[in-house]
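This report concerns only the one structure given below.
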């Protein structure tokens, strides 16, 4: 979730009670060594901001943002408010905020055209492409929604329900199944635990440097993410008043990754079509939401801050490792385009349906 591009904004959780929420968090961050005394400039907000940005940088945010596009924010409300909404909320408050949130959103889906990579893996072992894809997607899902062939198949199946033969001939929907690479036929739902076992067994036997790099980087990700689960906002509905109602009004969550075979394939076509409707009936929900309850003894607050920051750090380290994988996949795809005298057709689009800028 996330998302390594830290917004350079003055965080607005101080209202008319000076900076008490920021100060409460800052004291905890100082005790935990995330903030340092030299970070103090006279403002608790700036103090927390400096510590948080350094923590993210040390956790791999700069490597992660080479591929993943989005925001990671500390907020005093669970969603971004307009100035009018914020003024109204402040007027109704009778004391400083007792809860802060770390929210993450992906503002674009990173394009990952994996089709040209699969033959490299298949030459090593016929099961390697399926094992690689299964573990790669599984690990990404811990941090972001992933749009891949499974999403396109489900979307195409719904779209074909009322189509006649002539319409089907002109549609991309039947092509979703037809374009599945042979090395993945019957293996799209490989168990991630089995995939991890296979990759570890195959790694010492890999012959090509490209395969060794891809598998090596992929095996780094579980080191950061084992035992982690996606911090979806709905996991906090019991703790946060009003969150359930907000999520009911949301219109889904934007994906942070699009895994296709090629940039102009049927998966991509389904993605563009489906994403064109996303967000029309309400706001998008955050990809990640973590909360910090400030109204508790210091030791308990420190424990919660540690858990939350450990999760953020694991996310950034995982996305940094995944970014190395995506970079190799894109290099192989660019080589494929060059060999076939093709040009990349992907352009950046605003919002959740955005892809990488070529």
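For every residue, the table says whether it meets (1) within 20 Å of the chain's Cα centre (by Cα); (2) surrounded by 21 or more Cβ atoms within 10 Å (Cβ to Cβ); (3) at pLDDT below 95.
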{"site": "326", "(1), (2), (3)": "yes, yes, no"}
{"site": "333", "(1), (2), (3)": "no, yes, no"}
{"site": "338", "(1), (2), (3)": "no, no, yes"}
{"site": "341", "(1), (2), (3)": "no, no, yes"}
{"site": "345", "(1), (2), (3)": "no, no, yes"}
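Just so you know, in the range 203-222 the residues that are closer than 24 Å to residue 64 by Cβ and free of Cβ contacts under 8 Å to residues at least 40 places away in the same chain include one that is surrounded by the fewest Cβ atoms within 10 Å (Cβ to Cβ), and it is 209.
Considering the range 166-182 alone, what residues qualify as being under 21 Å from residue 130 (Cβ atoms) and under 27 Å from the mean Cα position of the chain (by Cα)? Across the range 166-182, the qualifying residues are 176, 177, 179, 180, 181. All conditions but one from (1) within 19 Å of residue 77 (Cα to Cα); (2) surrounded by fewer than 13 Cβ atoms within 10 Å (Cβ to Cβ) apply to residue 243; the one that does not is (2).
Filtering the range 173-186 to residues that are surrounded by 14 or more Cβ atoms within 10 Å (Cβ to Cβ) and not in a helix (DSSP H, G or I) leaves 179, 180, 181. Only one of the listed residues (194, 228) is assigned to a loop (DSSP other than H, G, I, E, B) and touching a residue at least 12 places away in the same chain (Cβ under 8 Å). That residue is 228. Starting from the range 234-255, take each residue that is assigned by TED's automatic domain parsing to the domain that holds residue 291 and more than 26 Å from residue 277 (Cα to Cα) and list its partners that are at pLDDT 90 or above and not in a helix (DSSP H, G or I), counting only C-beta distances under 7 angstrom and pairs at least six apart or across chains. The qualifying pairs are 236/289; 236/291; 239/291; 240/291.
Could you please let me know if residue 214 is part of a loop (DSSP other than H, G, I, E, B) and either more than 23 Å from residue 319 (Cβ to Cβ) or within 26 Å of the chain's Cα centre (by Cα) (or both)? Criteria not met by residue 214. Before we move on, is residue 169 modelled with pLDDT of 95 or more and either within 20 Å of residue 332 (Cβ to Cβ) or out of contact with any helix residue (DSSP H, G or I) (no Cβ under 7 Å at 6 or more places or on another chain) (or both)? No. Within the set 26, 42, the sole residue that is at positive phi and at pLDDT 80 or above turns out to be 42. Listed by position, the strands (runs of 3 or more DSSP E) enclosed by the range 59-151 that each have at least 1 residues that are modelled with pLDDT under 95 are 70-75, 99-106.
Pairs linking a residue in the range 290-317 that is surrounded by fewer than 16 Cβ atoms within 10 Å (Cβ to Cβ) to a residue that is modelled with pLDDT under 95 and in a loop (DSSP other than H, G, I, E, B), with Cβ atoms under 8 Å and 6 or more positions apart or on different chains, are 293/98; 295/98.
Out of all the residues in the range 155-165, is one or more farther than 24 Å from residue 113 by Cα, touching a residue at least 12 places away in the same chain (Cβ under 8 Å) and either within 21 Å of the chain's Cα centre (by Cα) or part of a loop (DSSP other than H, G, I, E, B) (or both)? Yes, the conditions are met somewhere in the range 155-165. Among residues that are surrounded by fewer than 20 Cβ atoms within 10 Å (Cβ to Cβ), out of contact with any strand residue (DSSP E or B) (no Cβ under 8 Å at 6 or more places or on another chain), modelled with pLDDT under 95 and over 19 Å from residue 252 (Cβ atoms), residue 189 is included.
For residue 268, the criteria (1) assigned by TED's automatic domain parsing to the domain that holds residue 307; (2) touching a strand residue (DSSP E or B) at 6+ places or on another chain (Cβ under 6 Å) hold in every case but one, which is (1).
The values are calculated or read from the model by the stated rules, or taken from the named source; none is laboratory data. On a predicted model such as this, the values are computed, not experimentally measured, just so you know. Please note: Cβ atoms are built from the backbone with ideal geometry, for glycine as well, and neighbour counts cover all protein chains shown.
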